[in-house]
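In what follows, a single structure is set out as structure tokens and then discussed.
The values are calculated or read from the model by the stated rules, or taken from the named source; none is laboratory data. Not measured: the values here are computed from a predicted model. Cβ: placed from backbone, ideal geometry, glycine included. Neighbour counts: every protein chain shown. Note: areas computed on protein heavy atoms with side chains; ligands, DNA, RNA excluded. Shrake-Rupley method; radii C 1.70, N 1.55, O 1.52, S 1.80 Å.
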Amino acid sequence: MVPDSTTDRLLPALVEIVGSDNVLRPAPAQYLTDETGRGLRGDASAVVLPGTADQAAAVVARCYDAGAAITPRGGGSGVAGGAVPAGGVVVACDRLDRIRNFDPLLWRIHAEAGVTTARLHRTARESGLMFPPDPGAAEQSQIGGNLATNAGGPHAFRYGVTRRWVTGVEAVIAPGRLITVGGATRKDTAGYDLAGLLVGSEGTLGLITAAWLRLVPAPEAVHLVAACYPTSADACAAIERVLGSGAEASALELLDEPAARLGGGGFPGGPLAGCLLLAEADGSTVEAAARRDALLDALATGALSVAQPDDPAAVWRWRDGVSSRLSAVRGGKLSEDIAVPLDRLSEALAEVPRIGERHGLTGLSFGHAGDGNLHATFLLDPADDGERAAADAARDELFALAIELGGTISGEHGLGLVKSGRLQDQWGPAALDAHAAIKRALDPRGLFNPGKKLPTR
Ligand SMILES: Cc1cc2nc3c(=O)[nH]c(=O)nc-3n(C[C@H](O)[C@H](O)[C@H](O)COP(=O)(O)OP(=O)(O)OC[C@H]3O[C@@H](n4cnc5c(N)ncnc54)[C@H](O)[C@@H]3O)c2cc1C
């Protein structure tokens, strides 16, 4: 990375490309952090806001030529520090916010990177369609950020994560070239899957400027079933029964006992006891009712209670608030999005509180249990250095556990800054070499989001 004085000399050229109103200097504080918490704050000489893909390409070209780091930024809702800059220039996509084309009858949309997730959802809904990936913080997160993290969410259980919905990507790659891979076509096996490679690359291979996305008809009806179980092992047995029975759930979310007790206040479906499993059924009116009935059957065994909240949307709003309610218990938390194979989920859930106990912390889990994806969490007082250090040590054990169970240290948030370099705990040397070779091929000077996902060379 080059010294800031060099980046500073770049600024007149950047102003020439995007106009002085769109080069923010000094970099406003909100562009130097994201939703990770933990006091993470980066630094950058400036924030640049291109208004078109061509401007974005010109900005990257000038930065690349000068050797300045480029941090692509979406809505800053990431929780792995991926958008926290390490010097250089933040390229924010806020102004790349046009829907270039929407063909409801063909179930597809072509949107720029800065369109928010919520706006895309609303646009699709107004025409009876749905864009299924539904990470929380939808009013804040952007389509570019969703692609860059390959975001999931509750409905990934039935509908899959973001990658499944992308048919094409427009991006700026080194040293400032605008490429298009894929497009409106629903199938394309002509080249290597570069679009797939950019999805999930966390801004380390290029700046995504637009995407072609598939949509599906929105379900006519949605039903929720809320089942409480004495233990998380009972809830895991219920999840396995749902899958084994062929009952098609669109989402299977879980709060273990401490998460339900400490973060479950105000549940719209009535009082909670033990561990909560939320199962959603969707489809046409007839299909959704049949799926709900199948879920009710599969969930009944061993349950303390089984209820059908009558306002699923209210339950999902409540679910969105679980994370912040848990943060409020002690003022802070350290949460990591491990994922494990479903048949090991029960072991993971049982072990998180034990890890917490070993470090003097409350450990709990909530998350997208149908995908084996947990937000394993340690509650802490952020002002207490000892507790922060204990949580860091607990986190090391948590990652070791995920790997030992055949899982991953990140099911949906990415490695970002906070897990940078930890891929080596999970992959063997040959796979890591291939990973590094891709980075070198697409970003030979290592200027795209340095220090994220991969350690800085
Ligand atoms: C309350 C809450 C709930 C959440 N729930 C979920 C959930 O259920 N599932 C889930 O998957 N995530 C969830 N998240 C995490 C986050 O919302 C998602 O990862 C989201 O997709 C990030 O989008 P963003 O635009 O905010 O990206 P940012 O935070 O701005 O950036 C994230 C990463 O993407 C890169 N990036 C951003 N835009 C671009 C671009 N245009 N080109 C290249 N790289 C880019 C950045 O460099 C960074 O590495 C949640 C976050 C919060 C705060």
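Name every residue in the stretch 424-438 that is assigned to a helix (DSSP H, G or I) and open to solvent by 40 Å² or more (accessible area, probe 1.4 Å), in order of residue number.
Answer for the stretch 424-438, where residues must be assigned to a helix (DSSP H, G or I) and open to solvent by 40 Å² or more (accessible area, probe 1.4 Å): Gln424, Asp425, Gln426, Pro429, Ala430, Ala431, Leu432, Asp433, Ala434, His435, Ala437, Ile438.
Considering each residue of the stretch 64-73, count those that are open to solvent by less than 20 Å² (accessible area, probe 1.4 Å), charged (D, E, K, R) and more than 8 Å from the ligand (Cβ to nearest atom), and give that number.
Here the count works out to 0.
Could you grab me the full set of residues in the stretch 165-213 that are surrounded by fewer than 23 Cβ atoms within 10 Å (Cβ to Cβ), within 12 Å of the ligand (Cβ to nearest atom) and in a strand (DSSP E or B)?
Ile173
Give me a count of the residues in the stretch 51-63 that are away from the ligand (no atom under 13 Å from the Cβ) and either closer than 22 Å to Gly183 by Cα or open to solvent by less than 10 Å² (accessible area, probe 1.4 Å) (or both).
5
Just to be sure, is Ala441 open to solvent by less than 60 Å² (accessible area, probe 1.4 Å) and more than 15 Å from the ligand (Cβ to nearest atom)?
No.
Has the stretch 285-297 got any residue that is of a type outside the set (Ser, Thr, Tyr) and under 26 Å from the mean Cα position of the chain (by Cα)?
no
Report the residue count in the stretch 313-353 for those that are within 15 Å of Thr408 (Cβ to Cβ), surrounded by 15 or more Cβ atoms within 10 Å (Cβ to Cβ) and either within 16 Å of the ligand (Cβ to nearest atom) or not charged (D, E, K, R) (or both).
8
Would you check which residues across the stretch 393-423 are outside any loop (DSSP other than H, G, I, E, B) and open to solvent by 30 Å² or more (accessible area, probe 1.4 Å) and list them?
Ala393, Asp396, Glu397, Ala400, Ile403, Glu404, Thr408
Identify the residue in the stretch 246-262 that is of a type outside the set (D, E, K, R) and modelled with pLDDT under 95 and, among all such residues, is most open to solvent (accessible area, probe 1.4 Å).
The qualifying residue most open to solvent (accessible area, probe 1.4 Å) is Gly246.
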